[in-house]
Amino acid sequence: MLNVKLETLLAVAEHKSFTKAARALSLTQPAVSHHIDQLEQEYHTALFYRGKGEFKLTQSGEIAVTYARRLKALHEKMLTEISDEQKHISRFRIGITHTCENNTITEALAKYAAVHPDTSITIITQPINILYDMLQNYELDIAIVEGKRLASSLNYFMLDTDCLVCVLSNENPLSKQSIITINALKTQNMILRLPSSATRQLFEASLVGINECIENFDVSLEVDNVGTIKDLVRKNLGVSVLPKSACIGDARKQKLTVLPIENLSMIREMNIAYNKDFSHPEVLNDIVKIYARLMETR
């Protein structure tokens, strides 16, 4: 069980209020204050700014909350694994970015679960930064992400390579071309992923490589969900830049047109990220093999 003072710390950080945290924990407000005071005395540092109209974590508080979350997740993981071992069940929490969610990987995970009846898989879809936080806090077992982030605690297993392409409505006159030029792209209303997404960051970095910048393009809409973007593009409300794997099925069904962009080679890896102490490497091998077989039939 997590130390009650750390439980209090997490509650106060979440609710940004001693009173709301007390209510959530069924404690009195003085008890919550006392727990935080004890932690601050124990750690010899302030954990919260308490200025007028301001209530937020200090840098030391951010560190304390990060490790408290990790301790809580590890404790819950321990209890789950003990229970699962007694029931002969393997349970995996797998994080997937919004882009990868539209990939063959979700089907591969479903097939893995189908041939391993004693395995339970929970898929969590979040932006890449949140997935990395959850992975490093042991709230996930593995994460399927674009590219790599340098982190000494993580290992990577390459699943596939992908590239970014321009996605257009079949009604768009440019869809009749074999390639789209940068100048032609500048004439279009663009519907892009959020600036924090790996897809958007790769597109913008590639533009910089040819002495262009995103400000030279008409970005009329920013949307987090890939499915929503494809739906808007199908209705000819704009064009987008998306991973080829996320829209190749629509192109084959002639619902969308996919074109390369002149002078931009936006290739990236799709990786399985996991903590170095992950104890089931055979699962990664099996998932990759199932994924490869599915891709052969595409």
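The values are calculated or read from the model by the stated rules, or taken from the named source; none is laboratory data. Source: prediction; values computed, not measured. For neighbour counting, all protein chains shown are included, and Cβ atoms are generated from backbone atoms with ideal geometry for every residue, glycine included. Surface accessibility is based on the protein's heavy atoms, side chains included, excluding ligands, DNA and RNA. Shrake-Rupley method; radii C 1.70, N 1.55, O 1.52, S 1.80 Å.
Restricted to the stretch 251-298, and to residues there that are among the hydroxyl-bearing types (Ser, Thr, Tyr) and either touching a strand residue (DSSP E or B) at 6+ places or on another chain (Cβ under 9 Å) or open to solvent by less than 70 Å² (accessible area, probe 1.4 Å) (or both), the residue that is farthest from residue 185 (Cα to Cα) is 274. Contact annotation: residue pairs with Cβ atoms under 6 Å, 6 or more positions apart or on different chains, pairing a residue in the stretch 137-154 that is in contact (Cβ under 8 Å) with a residue 40 or more places away in the chain with a partner that is assigned to a loop (DSSP other than H, G, I, E, B) and surrounded by 14 or more Cβ atoms within 10 Å (Cβ to Cβ), are 145/97. Of the residues making up the stretch 162-184, those that are in contact (Cβ under 8 Å) with a residue 12 or more places away in the chain and assigned to a helix (DSSP H, G or I) are 174, 175, 182. Considering the stretch 237-250, the residues that are open to solvent by 30 Å² or more (accessible area, probe 1.4 Å) and of a type in the set (A, V, I, L, M) include one that is modelled with the lowest pLDDT, namely 248.
Residue by residue, here is whether (1) closer than 28 Å to residue 74 by Cβ; (2) open to solvent by less than 10 Å² (accessible area, probe 1.4 Å) holds:
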site	(1), (2)
129	yes, no
135	yes, yes
143	yes, yes
147	yes, no
151	yes, no
163	no, no
178	no, no
190	no, yes
206	no, no
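Among the residues making up the stretch 49-62, those that are at pLDDT 90 or above and closer than 16 Å to residue 17 by Cα are 57, 58, 61, 62.
Listed by first and then second residue, the pairs with beta-carbon distance under 9 Å, at least 6 apart or on different chains, first residue in the stretch 209-229 and under 11 Å from residue 240 (Cα atoms), second open to solvent by 50 Å² or more (accessible area, probe 1.4 Å) and of a type in the set (A, V, I, L, M), are 220/237; 221/237; 222/194; 223/194; 229/221.
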